[in-house]
1. With 30 Å as the limit, write out which pairs from A:Lys57/A:Lys287; A:Lys212/B:Lys250; B:Lys207/B:Lys334; A:Lys140/A:Lys212 have Cα-Cα distances beyond it, or answer none.
2. Just for the Cα atoms in region A:132-224, what are the lengths along the principal axes, largest first, rounded to whole Å?
3. Rounded to the nearest 500 deg cm²/dmol, what is the calculated helix-only ellipticity per residue at 222 nm for chain A, with -39500 (n - 2.57) per DSSP H run of length n ≥ 4?
4. How much length is gained on full extension from B:Ser125 to B:Leu244, taking 0.36 nm per residue of separation minus their Cα-Cα distance?
5. Per 5 Å bin, what is the whole-percent P(r) computed from every C-alpha pair distance within region A:202-314?
6. Net charge near A:Gln238: determine it from the other residues with C-beta under 13 Å of the C-beta of A:Gln238, scoring Lys and Arg +1 and Asp and Glu -1.
7. Go ahead and run the numbers for FRET between B:Val228 and B:Leu34, Cβ-Cβ distance against an R0 of 60 Å, rounding to 0.05.
8. Straight-line reach from B:Lys388: which aspartates and glutamates have a Cα under 14 Å away, not including same-chain ones fewer than 8 places off?
Amino acid sequence: MKFKQIAGAVAVAGALCVAGGMPGQAATLDDVKAAGTLKCGINTGLPGFAYTDDAGKWTGFDVAYCRALAAAVLGDANKVTFVNLTGKTRFPALAAGEIDVLSRNTTWTLSRDVDLGFTFIGVNYYDGQGFIGRKALGVKSAKELGGASVCIQTGTTTELNLADFFRINKIKYEPVPIETNAEARAAYDAERCDVYTTDASGLAATRTTFPKPGDHMVFPEIISKEPLGPLVRQGDDQWADIARWTLNALITAEELGVTQGNVAKMAEGTDNPEINRMLGKEGSMGKMLGLDANWAARAIAAEGNYAEMFERYIGADSPLGLGRGLNALYKDGGILYSPPFR
Amino acid sequence: MTEKAPSGAGGFDISRAWTDERVRGVIFQIALVLGVAGLAAFIVNNTIANYEEAGLSFGYGFLFDTANFDINQRLIEYASTSTYGRALGVGALNTILVAVMGVAAATLIGFVTGVLRLSNNFLVSRTVAVWVEFTRNVPVLLQIIFWWLIMLALPKVRDSLSLGETVFLNNRGVRLPSPIFEDGSAIVLTIVLLGVVATAVVRRWAKKRQDATGRTFPVGWAGLGLIVGVPVMAYFALGQPLDLDVPVQKRFNLQGGVSITPELVALWLALSTYTGAFISEIVRAGILAVSRGQTEAAGALGLRRNLTMREIVLPQALRVIVPPMTSQYLNLTKNSSLAVAIGYQDIVSTGDTILNQSGQAIEVISLYMVFYLTLSLLTSSYMNWYNKRIALVER
C-alpha cells in the first residue's frame, strides 16, 4: 500500500506540474518584495570590494551597491541576503534565479550580455587586467615573462586575456589555474607561480594582504579593458531599470553634491529641480519605476553617494589606496557619466 | 457515482472497481506512468523554455568554437586557438591519466598494507591499522588539499632539490629529463618489446614445467635479463642512440625535459592512498576468508611462508577480493573530479571553464555524464571478465 500511495502522489505532482508549471516572465520586483529580502551575489572575499568586517558583516564597494538597491526597493539597507559566488558559479546562479542581482566585479562583455542572456546595468568600476610579481625577480614589464608560471582565476575574462596577451607577444608560459582569489593568493605566496594576474583593482586589494606589500610590484602593462558592473537576468526590463537607475542615482548624487549626511534635508526640497526630481519632491520618477517617491533618497542614505562609497572602501585613504583615475566624474577628468534624471 | 452498471454473473461493477485489488493496481500503474512521463515532459519543456528565455539554443555546435584559454597539462597537441571540443578532450585524457595512475598505485598500496596488517609483528600490524582507519575516515577532498599544501611547501623553484642535476623537485612539481630519439633507438625499443614477449613465453613454459615436474625456474631473473639486460647491451652496441633533454634553470623556471605538475602529484597521492586504504581492508578480508586449513596444509608440505601466501592463499583470496575492488576503482575514477579544487585540469575543470564561457551548461554536464559512464562501464566489464577468469573452475 505504501508504494501505491507514493505512486499516487507522484502522479498527482506530475499532473500539477504539467498543468500549472509553464514558466512565464518572472517579475523580479514582485518576487523581491514578496520575499522581503534582496538576494545579491557577491565575491567569496576580495578586500575593499566584498569582505566581512570585525562584526562579521559583509561590507565593501560591491556590497554597498546591494545595500543601496535593497534600500531603494525594500526600504531597508539590511534586507539583503548575500550569496558568495566564485568566478565559475556566478553566472549559473544568476541564470537560475538563485540571486536577483550580481554585484561581483564582473566584466561587461558582448558575449555575456548577449549570449549568456544577462543585462549589464552599468559600470561601477572601470578596470584593466594587470600583473603582480616579486620585485626580486627584476622584471620591469610583463613582456619579459617568457617561461614564467602565471596564477590565474578560472572562468574569468582574465583567463582569456592572458592567453591572448601571450599569444600576441609570442611568449610561452605555464598557466596555473586557481578557483578563488584566496587560493590564488596562497599559491602566489608559496611561489607556485611567478606572477599573479587579475584586474588591477583586485591586485591592489590582494597586495594589501601580503606580509610585506612593499616586496611586490604591479607591472605597468594593463592588457585589457575591464568595465566592472552589476548585472541582472535579461528579459525583466523593469527590474533592470530599477537596478540601473539606482546606480545612476548614486553617481548623479556625487555630481549634484547630495551626500549621506545631507540627503534627508535635501529630500525636503532644494532650488535644483534635478535634485528634486531624483529625490521625489517633483515629478513621479519613483512611480515610473514601480517604486515609491523616496527610493533614490533611501539608496543614497544607505551608504552615501558614489564618491563616499569609493573613498570609504577602496579610495586613497583606504588600505587599497586606489586613485579615482578613470572612475572620476566626467567633469573631473574621468569617464563616469550618468544620464540625466529627467 | 450512484449509477449502477448491470452486474451479471462475473460481470464488472464500475462502482466496486475501487475495492478490486487488481483493478486498483492497474489504475495506479497507469497513474504512475502518466505521472513520470508528465514530470519528464515538464523538465524537458521547462529547460527548453529557460534556454529560449536566456537566448541560448540547445546543441553541441559550440564544441567547434575557439576555446581561447590555455591548459597547462596536455597529452595531445593543444593551444588557445584550438576548439572547445579539443579542450574537453585534453581534460578527458588528464582524467584518464590520473585514474590509471591512481588505480595502479592504490592496488599496490592496498595489497601491501592488507598483507602487512595481518603480520604477526604487533608494531607493523598496528601501524597499518591506524593508517588505514585514519585515511579511510578523512574526506578525500581534505586529503587532496593536504597533499597539495605539502607540495606547495616543497623548496622554491630557485632552490630545487636535484638528483645529479638531471631530476629536479620543487614546489612547481617534478621535472625529468625527456628522451630524444636518434637513429637506432627504434631497434632498442623493439628489443625491449621482444624481451617482454619472451618473458611471457618463459613464464608460461616455467609454469607448465612446474605443474608437470614440480621443478621451479627463476622467471624473475630471466625476465630482468631479457627486458633490461639485453636492451642495455644493444644500446651500447649501437653507440648509445638515445639522448636526454636535461632540464636547465632559466630565469623563471626550469626549461626542457618533461614536467609533472604538483597538482597531478597531489591528486594522485591523495586518491591512491585513500582508495588504497579501502583496498587494504578488502585484501585483508579476502585473505581471512581463505580457510586456515589451507595455510596449515601448505606448512605441513613444507612450503615457505611467502610461497604459501603467493601460491596458496592469494589466488584463493582473489576470488573474494576482485568484485568489491571494481567499485573501488570506479570510486577512484569518480573522485578524481575533485581535482577542480586544486586546479588540476581534468575534464570537469576544463569543462567548467567551457560552460562558463559558452553558457551551454546542460550540454557540458551531459558530456561529463557520458564520459564517466563510459569509463565506468569499461572498467566494470574488464573487471567482470577478469573475475570470471580467476573464478573457481568446477569440474
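Throughout, read-outs are computed from the coordinates displayed, never taken from laboratory work. Every value quoted in this text rests on a predicted model; they were computed, and no experiment measured them. So basically every Cβ, Gly included, is an ideal-geometry build from the backbone, and we count neighbours across all protein chains shown.
1. Among A:Lys57/A:Lys287; A:Lys212/B:Lys250; B:Lys207/B:Lys334; A:Lys140/A:Lys212, the Cα-Cα distance tops 30 Å for A:Lys57/A:Lys287; B:Lys207/B:Lys334.
2. 34, 29, 22
3. -11000 deg cm²/dmol
4. Separation in residues times 0.36 nm, less the Cα-Cα distance, equals 38.5 nm.
5. The calculated distribution, bin by bin, is 2, 10, 17, 17, 14, 11, 9, 8, 6, 4, 1, 0.
6. Neighbourhood net charge equals -2.
7. 0.30
8. Output for B:Lys388: empty list, no partners.
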